[in-house]
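Here's the structure, in structure tokens; my notes come after.
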Amino acid sequence: MAAGIKDVAERAGVSAATVSRVLSKGPVSQELRERVQAAIKLTGYRPNLSARRLRSQHSQTIGLMVSDIRNPFFTTLSRAVEDIAYAADLRVILCNTDENPDREAMYLRLMEEERVTGLVYAPTVAASERLSREEYDFPMVLVDRTGPIGRHDSVVIDNVETTAQLVGHLHARGYRRILGLFGNTSSTAVERHAGFVAATSRYGLEAETVQVAPDAALAANEVARRVGRANMPDAIVASNNMILLGVVQGLHRLHLDMPGDVAVAGFDNEPWTALVGPGLTVIEQPVFDIGRTAMSLLFDRLKTPDLSPRKVMLSAQLIERGSTPQRL
């Protein structure tokens, strides 16, 4: 039986997409190219030229992979990507990974099978290793989260600095014991945790950090476990809007007043944050601009594949509201 691309990929220890890229003279490292070429000789593979031509015809479809479509951040991001894709006569395949690396791998295979023109992608931390070793037959732009350095275009905010800005705001308002709730699956969560730790140490604050899945119910449970006890925190920092919602739900469950019993600050200026209690102090991210910039980078990459990978860092804004008043 004649050898196929999968046989070559298995012999070379690479993905089928990498083999295809070598055959089409696409951008791969010299080391990978030599491994694939050696595997082709060993297996006796003969490419089907008509099939290769078919595979080279992209589907005029953009892939969009987000971690949780229930999260309003990703809902807005998706709208931005879809609006711009539609204006460019491109379709969008939307995939929800649920922060699950296995689902990510499945959907990345789907993107290859569908021969997408490009991919806008919010990866988990676990996906970074895959992105560092795998070659894909389409360009991708990472959004909200980073990946292997120098491998892909990306659009982010300065998570370390913006989290430190929140802590600095609380310090200036007189808060000294701060609880930080952080996600555990993304580079964004890691960076915000680092900003929190650095800032609370710099200001000499008493701080506690807890890692929770970016889920409102789980965050509410953590609040119920850790707040309403002796030496409770003066303030809580939530590292994304789902955790922020969970904090509000947890305080409501404990019948605690915000900000009378505890101040609250977090991320994302969703409409509901202005309506809860006296309004929540938040970091407002330019979500629509993140999606729009990602599409601009993708279009540039399609026009000029050899561009050096670019990282665009957009500015975020602190919105001060009544949940963090000056302490007496």
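The values are calculated or read from the model by the stated rules, or taken from the named source; none is laboratory data. Predicted, not measured: the structure shown is a model, and the values here were computed from it. Cβ: placed from backbone, ideal geometry, glycine included. Neighbour counts: every protein chain shown. We work out accessible area using only protein heavy atoms, side chains counted, and drop any ligands, DNA or RNA first. Shrake-Rupley method; radii C 1.70, N 1.55, O 1.52, S 1.80 Å.
Using only Cα atoms, find the angle between the long axis of helix 159-172 and the longest principal axis of the chain, and express it within 0 to 90 degrees, rounded to the nearest 10.
Roughly 0 degrees between the two axes.
Given the options 236, 39, 73, identify the residue whose Cα lies farthest towards the positive end of the charge dipole of the chain (+1 on Cβ of Lys, Arg; -1 on Cβ of Asp, Glu).
39
Taking the Cβ of residue 195 as the centre, find all other residues whose Cβ is under 10 Å away and add up their charges (Lys, Arg: +1; Asp, Glu: -1). Show your work: numbers first, answer last.
On the way: positive: 192; negative: 158, 161, 191.
It works out to a net charge of -2.
Write down the accessible area per residue of region 222-264 in Å², having rolled a 1.4 Å probe over the full set of protein chains. List each step's numbers first, then the result.
Details: 1730 Å² over 43 residues.
Each residue of region 222-264 exposes 40 Å² on average to a 1.4 Å probe.
How large is the dipole of region 112-177 about the Cα centre if only Lys and Arg carry +1 and Asp and Glu carry -1, each at its Cβ, rounded to the nearest 20 debye? Let's see the in-between values first.
Values: 8 positive and 11 negative charges, 146 e Å.
So the magnitude is around 700 debye.
I'd like the distance between the alpha-carbon centres of region 231-292 and region 102-134, rounded to an integer number of Å.
What the calculation gives is 32 Å, centre to centre.
Nearest 20 debye, what's the magnitude of the dipole of the chain about its Cα centre given +1 on Lys and Arg Cβ and -1 on Asp and Glu Cβ? Mind showing how you got there, number by number?
On the way: 37 positive and 38 negative charges, 166 e Å.
The calculated dipole for the chain is roughly 800 debye.
Just the projected area, averaged over all directions, of the convex hull on the alpha carbon atoms of region 246-324: how many nm²?
Values: hull surface 25.5 nm².
Orientation-averaged projected area of the Cα hull: 6.4 nm².
Round to the nearest 10 and give me the degree value, 0 to 90, for the angle of helix 287-303's Cα axis relative to the longest principal axis of the chain.
The answer is roughly 20 degrees.
Go through 302, 121, 288 and say which Cα lies farthest out towards the positive end of the charge dipole of the chain; charges sit on Cβ, +1 for Lys and Arg, -1 for Asp and Glu.
Projecting each Cα onto the dipole axis, the largest value belongs to 302.
Take every DSSP beta bridge with both residues inside the chain and express the antiparallel ones as a percent of the total, to the nearest 5. Mind showing how you got there, number by number?
Details: 3 of 39 bridges.
Just about 10 percent of them are antiparallel.
Where in the chain lies the longest segment free of GluC sites (Glu not before Pro) that are both loop residues by DSSP (not H, G, I, E, B) and have at most 16 other Cβ atoms within 10 Å? Mind dumping the intermediate values first?
Numbers: sites that count: 114, 134, 320.
Longest gap between qualifying sites, sites excluded: 135-319.
Please name which of 186, 251, 205 has its Cα lying farthest along the dipole of the chain towards the positive end, using unit charges on Cβ (Lys, Arg +1; Asp, Glu -1) and the Cα centre as origin.
186
Relative to the longest principal axis of the C-alpha atoms of the chain, give the angle of the C-alpha long axis of helix 241-253, reported between 0 and 90° and rounded to the nearest 10°.
Helix 241-253 and the main axis of the chain meet at about 30 degrees.
Return the loop-located trypsin sites (Lys or Arg not before Pro) in region 108-140 (DSSP other than H, G, I, E, B) with at most 11 other Cβ atoms within 10 Å of their own Cβ; answer none if there are none. Write down the numbers at each step before the final one.
On the way: sites: 109, 115, 130, 133; in loops: 115.
Of the trypsin sites (Lys or Arg not before Pro), not one in the loops of region 108-140 has a Cβ with at most 11 other Cβ atoms within 10 Å.
At 4 °C and 1.567 mPa s, what whole-number value in µm²/s does Stokes-Einstein give for the translational diffusion of the chain, with Rh from the Kirkwood sum over Cα pairs? Before the final figure, lay out the partial values.
On the way: Rh = 21.5 Å.
Estimated diffusion coefficient is 60 µm²/s.
Once phi is turned into ³J(HN,Hα) by the Karplus curve 6.51 cos²θ - 1.76 cosθ + 1.60 with θ = phi - 60°, what whole-Hz value does each residue of region 130-145 show in order, with x for glycine and proline?
Taking θ as phi minus 60°, the curve returns 5, 5, 7, 10, 9, 10, 10, 8, 7, x, 9, 10, 8, 10, 6, 10 Hz for region 130-145.
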